[in-house]
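Single-structure report; data block below.
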Amino acid sequence: MVKLLDVLLLGRARFHELSLRGRVMLSQLPANLALLLVVAIIAVAAPGKLTEPAFVAGQALAVLLLMLSGSLPWQRLPYGSFLVVPFLDFVPIGLIQASASDQMPGLTFLALFPIMWVAGSGFRPRLMVPLSGAAALAMVWSPLLLAGSPDPAALAGHLLAPFMLLAVGVGTSVMTLSGMTQQARVEELLAQAERRERLLDAVLETVDVGVVVIDTQGRGTFTNTKQVEVYAAAVPAEEDGQETGMMIYRDGSEDALPPEQWALERALAGERVEHELFRLGRGPGARTVSVTARDFLDADGERAGTVLASSDVTDVVHAVRARDRFLSTLSHEFRTPLANILGYAELIADDPDLSDASRADVHVIARNAQHVTSMVDELLVVAVTGAGTAVRLPLDVAVIVREAAESFDAAGRVRGIEVRVEADGALMVLADRTGLVRVVDNLVSNALKYSGDGTEVRLSAVREGQWAVVTVEDSGIGIAEDDLEHIFTRFGRSDGVLGEDIPGTGLGLSLSKEVVEAHGGTIECTSTVGEGSTFTVRLPLRGDSRSGPSPAEEARLIGEPG
Ligand code: ADP
């Protein structure tokens, strides 16, 4: 009843939220109120009518119907039974119309109330709406029929009102049905959207990636469980006493990043964040995450927020670093002594005082050292082209160039070739360490191999705009212009080296080109036969070293494995 009043007076509750009984009562009420108004008007206009039996019976019947509407358990009866009430309404309305229509000519139109109720219920409209029209007709014709010998002309004269009532009924029915169809469609779309949302929730909870969605105001609108788990490592614990904010670090650094350098804040500021590595927390519980952010748009194509995905790559990063350490040992501490053995073996073999037997022995030493060198090379090639190369860590190209110069220094000295290096500052790139070391080592080893004794090989690593540029320059035999286009293809070797019988496979440069291009860089060569060659490698600098203000911090990252 309170709800009923809410609907009637305040519009707070909705009609469809009422019980069926409430709805029936509320549908009946307007007719009763109109009949009450009729009583008031008749009391003024023709008080004598108030006691006429037909008028009294009509009013009494109307009140009875209202009470019936409010007391019968409609929800337990078959749906649609409540339409009995509007059909019965035609009786009191007919009685009142018959007794008072001479004082109030429009009383027939009180039948609008039951007709609109029937049509508005949407229950079996094709049957019910014509039936209600027929009831209206019966209502206006019955007094004529009951008066006996109906005059066809009088009957015809009373056709207009029922026809108009029927027309209103049809109109109401059409509107009701279209409203119901629309409501069904909206409900279906809503159910679909809910299903999709539940599916998305299930997917986001199943994947092994932390996902957080932020709107343009920086408010989190969604966070999955994995996200909470991963970032738990960044929340300071009791023993991290001095820490106050989140413990988010650049990989390799010990200084917590200020919030404006967090992936989230940068993504919100419109910066692109793609596969960037961050370390969360300190000590053994620290995790390394690879973070990517993407904007998403609303229906109008406007930026609506950012989705941030963080995958825990701690184990992968450990494995890659272990591999890099192993390959670096293999490359430098294995290959370099081998190069020395080979160099000294050649020197001894050149000694004119050496006996033939000893020279043969020295050749055996050289052949075996050469064999082990090629085995090491093959291993490195497999490592460089293997699956692990997809993992990129921040490292300093300048350091790699300095290390290469150091490790080839001994091999150069044997032949009186000075290896000079100019590589200052930090040139941070995101790269596969083994691949990059292999590229630089290959260029330096070629420069030595294709240079005469007593010459010079110059290495440099400098910043040029957004690029880290590495050059390896020699004053060796050089490469003819025609050969330049072949040396970067597999097995491509210049005619010069083939003629001079310098050993080699023609694979090193093609592999280097593959590695450099996979890092978004370029490799090229300029050369003059007889004067020397310059190989230039360009690699894109990592985002924050481009802006350049923190080389000191970056210096600490210097490709330290582990
Ligand atoms: P390899 O040195 O094993 O033959 P690479 O792919 O490293 O294979 O080099 C391809 C070819 O490019 C070499 O065979 C040589 O003809 C030429 N080349 C590479 N570096 C130099 C250099 N520094 N000076 C002259 N020629 C070079």
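The values are calculated or read from the model by the stated rules, or taken from the named source; none is laboratory data. Just so it is clear, the model here is predicted, and its values are computed rather than measured. Here the Cβ positions follow ideal geometry from the backbone for every residue, glycine too, while neighbour counts run over all protein chains shown.
Scoring Arg124 on the criteria (1) surrounded by fewer than 19 Cβ atoms within 10 Å (Cβ to Cβ); (2) more than 21 Å from Gly80 (Cβ to Cβ); (3) free of Cβ contacts under 8 Å to residues at least 60 places away in the same chain leaves a single failure, condition (2).
Only one of the listed residues (Asp324, Asp312) is within 24 Å of Val401 (Cβ to Cβ) and touching a Lys or Arg at 6+ places or on another chain (Cβ under 7 Å). That residue is Asp324. Selection of the range 448-491 for residues being of a type in the set (Phe, Trp, Tyr) and within 9 Å of the ligand (Cβ to nearest atom) yields Tyr450, Phe488, Phe491.
Residues checked against (1) free of Cβ contacts under 8 Å to residues at least 40 places away in the same chain; (2) in contact with a Leu (Cβ under 6 Å, 6 or more places away or on another chain); (3) under 30 Å from Val376 (Cβ atoms):
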residue	(1), (2), (3)
Ser290	yes, yes, no
Asp295	yes, no, no
Val320	no, no, yes
Asp324	no, no, yes
Leu327	no, no, yes
Arg335	no, no, yes
Tyr344	no, no, yes
Asp350	yes, no, yes
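Out of curiosity, is Gly58 in contact with a Leu (Cβ under 8 Å, 6 or more places away or on another chain) and under 26 Å from Met175 (Cβ atoms)? Here the answer is no, as Gly58 does not meet what is asked. Restricting the range 422-447 to residues that are among the β-branched types (Val, Ile, Thr) and within 16 Å of the ligand (Cβ to nearest atom) leaves a set whose member that is modelled with the lowest pLDDT is Val437.
Checking each residue in the range 514-537 for being more than 9 Å from the ligand (Cβ to nearest atom), surrounded by 20 or more Cβ atoms within 10 Å (Cβ to Cβ) and assigned to a strand (DSSP E or B) picks out Ile523, Val537. Which of (1) out of contact with any Gly (no Cβ under 8 Å at 6 or more places or on another chain); (2) assigned to a helix (DSSP H, G or I); (3) without any contact (Cβ under 8 Å) to a residue 60 or more places away in the chain is the odd one out, the single condition Pro78 does not satisfy? Pro78 satisfies all of (1) out of contact with any Gly (no Cβ under 8 Å at 6 or more places or on another chain); (2) assigned to a helix (DSSP H, G or I); (3) without any contact (Cβ under 8 Å) to a residue 60 or more places away in the chain except (2). Residue count for the range 496-513 satisfying the condition of being surrounded by 13 or more Cβ atoms within 10 Å (Cβ to Cβ) and either more than 7 Å from the ligand (Cβ to nearest atom) or outside the structural domain of Val439 (by TED's automatic domain parsing) (or both): 4. Is it true that some residue in the range 86-100 is surrounded by fewer than 20 Cβ atoms within 10 Å (Cβ to Cβ) and free of Cβ contacts under 8 Å to residues at least 12 places away in the same chain? For the range 86-100, residues surrounded by fewer than 20 Cβ atoms within 10 Å (Cβ to Cβ) and free of Cβ contacts under 8 Å to residues at least 12 places away in the same chain: absent.
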